[in-house]
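Here is the structure we will look at.
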Amino acid sequence: MDWTLVWKAIVSLAGFGILLGAILAVASRRFHVETDPRVAEILEALPGSNCGACGLPGCEAAAEAVAKGEAPVNVCRAGGPDVTVAVGRIMGLEVEVGVAQVAHIHCRGGKSLSPPRAFYQGVNSCRAAHLLGGGKACPFGCLGLQDCADVCPVSAIAFDEEGIRRVNVRKCTGCGLCADVCPRDLIQMVPVTAKVFVRCKSRYTGKKATSVCRVACIGCRRCEKACPADAIRVDDGFASIDYDKCTNCGDCAAVCPTDSIQVWVERSGHPEGGEFVVPEKKRRPRREEGGREKPGAREEAPPQEDGEPS
Amino acid sequence: MNEAWRYFLLFFGASVVANILLIRFIALCPFFGVSTSLETSLGMSISVIFVMTMATSVSWIAWNYVLKPLGVGEFLYIPSFILIIASLVQFVEMVIKKTSPPLYRAMGIYLPLITTNCAVLAAATESVKPGFFTKLNIAYHYGFPEALVYTIGVAVGFSLVLILFAAMRERLEMAPIPKFFRGVPIAFITAALFSLAFMGFAGMFNL
């Protein structure tokens, strides 16, 4: 056996190792960059999904901006109050937190409720489909294609049984990216405490609205009158709830003639954390086949409706 | 054959005819990992060109002045090249971080990735042992300029295909693809067709 070759191999490889190690050791001193230790701490506290909802390129940039004081400690919309508190502690600030937000999609008109009027086969994107009007009968409803689910950094948006999009509130971090991307402006960021939702944004009113979707908001203003907290307003053909005032009483859902207002009920066993239900109607049963109201049913109307000057 | 023409053929052969990704199937993990968006593939490409050129220069020197004279190159080239390339990338990362923060922000996240990139090792190995991966048995030793041209050729070929493929994958995202083929499966199929197209260059010339 040629021992000189073995020695040569050992010496050359060890030589490389020692030489390169020495160079790296010197370089790490020479080229040392002073970094704010808080950057690493903040980065640790941030969710790290690099969703970009803060408007900065990734969590590292956000951490740097916060440490430099260029961004507020509540920079992370996705992380919610916990992250804000943690970042605030690192920066030495006491933080008062608001309520965390989640996305809500204001449409429940799926396949069976708002039947397609055309078969859309174009680019698989709501923004593209919206330009052509989409395949759906309702020109304001959820197209159920890819866009919001694609931008969601935590995969919280799935289909519901009706083929439209639904936010899984357990996963949603409230980053708001989907709200920015929806071409029909159906997604709103609502406080997690919100339980009552107007699940329609149809600008059509009355019969025109129900002709394209059975559960459309027809702009009848019954909910406006039923609301004890003055939190719901019908504007531009559809009702919308001011969650600063809403008390989650559900009175509006109880008077809604088309069931477009629904109440979210948490169910511990449910995969999405709960489901939308229509509360028991306080008035007459739902109007059958567009028939006129029956005078007898009107006596059961809630007191709010009667007390309101018309 | 004059010099300039020979260098051109070397470059063209390394970048297109024997493309590292599509003909030799080296460095497939960045090919599928980084090709999801055009922007990241551009950043990766520039970093690869930069690191590959530097790695080959240093490896060539190590081979010709240390490993070959000592007679240990034949069995030590892989560990020593890995050692050299890994240290080099670390070193370059430190220098860039200090001297040019914007460049670091653009290339920084790709540099550690490239440390373990087999294409860089392949280019370094091939430029000291030509024909090693294609099994051509060419008894020919590249001089320093030739090794450099060869490496830049390999890196440009890598970048070219990576960028083309990323552009194609961005289109695929939007295309109505059957559910089972979405994402990586369709990317593999596309890569195969791509590879077939590049096979058309095979045998264009011999060097």
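Before moving on, here are some points about what is shown:
- Out of every Cα-Cα pair that chain B contains, those further apart than 22 angstrom amount to 51 percent.
- Charge dipole (debye, nearest 20) of chain B; +1 at Cβ of Lys and Arg, -1 at Cβ of Asp and Glu: 280 debye
- Loop-exposed trypsin sites (Lys or Arg not before Pro) per DSSP, neighbour cap 15 Cβ within 10 angstrom, longest uninterrupted part of chain B: B:1-134
- Ranked B:Ser57, A:Ser260, B:Ser100, A:Ser12, criterion: other C-beta atoms within 10 Å, fewest first: B:Ser100, B:Ser57, A:Ser12, A:Ser260
- Ranking A:Ala231, A:Ile90, B:Tyr104 by how far each Cα lies toward the positive end of the dipole of the protein assembly as shown (charges on Cβ) leaves A:Ala231 at the top.
- Looking at the range B:1-82, the chymotrypsin sites (Phe, Trp or Tyr not before Pro) that sit in a DSSP loop and have at most 14 other Cβ atoms within 10 Å of their own Cβ are B:Phe25.
- Three semi-axes of the equivalent ellipsoid, the protein assembly as shown, Cα gyration tensor, whole Å, largest first: 64, 29, 16
- The mean sequence separation of alpha-carbon pairs under 8 Å and at least six residues apart, normalised by the residue count of chain B, gives a relative contact order of 40 percent.
- Residues A:Tyr120, B:Tyr142 in ascending order of nearby Cβ atoms (within 10 Å, fewest first): A:Tyr120, B:Tyr142.
- Euclidean distance between Cα centres, the range B:37-81 to the range A:201-237, Å: 68 Å
- Residue order, fewest to most beta carbons within 10 Å, for A:Cys152, A:Cys249: A:Cys249, A:Cys152
- Loop-located GluC sites (Glu not before Pro) across the range A:1-56 with a Cβ neighbour count of 16 or fewer within 10 Å are A:Glu34, with loop assigned by DSSP.
- Charging the Cβ of each Asp and Glu at -1 and of each Lys and Arg at +1, and nothing else, the dipole of the protein assembly as shown about its Cα centre rounds to 1220 debye.
Any read-out appearing in this document is the output of simple, stated calculations on the displayed coordinates, not a laboratory observation. The structure displayed is predicted, hence computed values, not measured ones. Please note: Cβ atoms are built from the backbone with ideal geometry, for glycine as well, and neighbour counts cover all protein chains shown.
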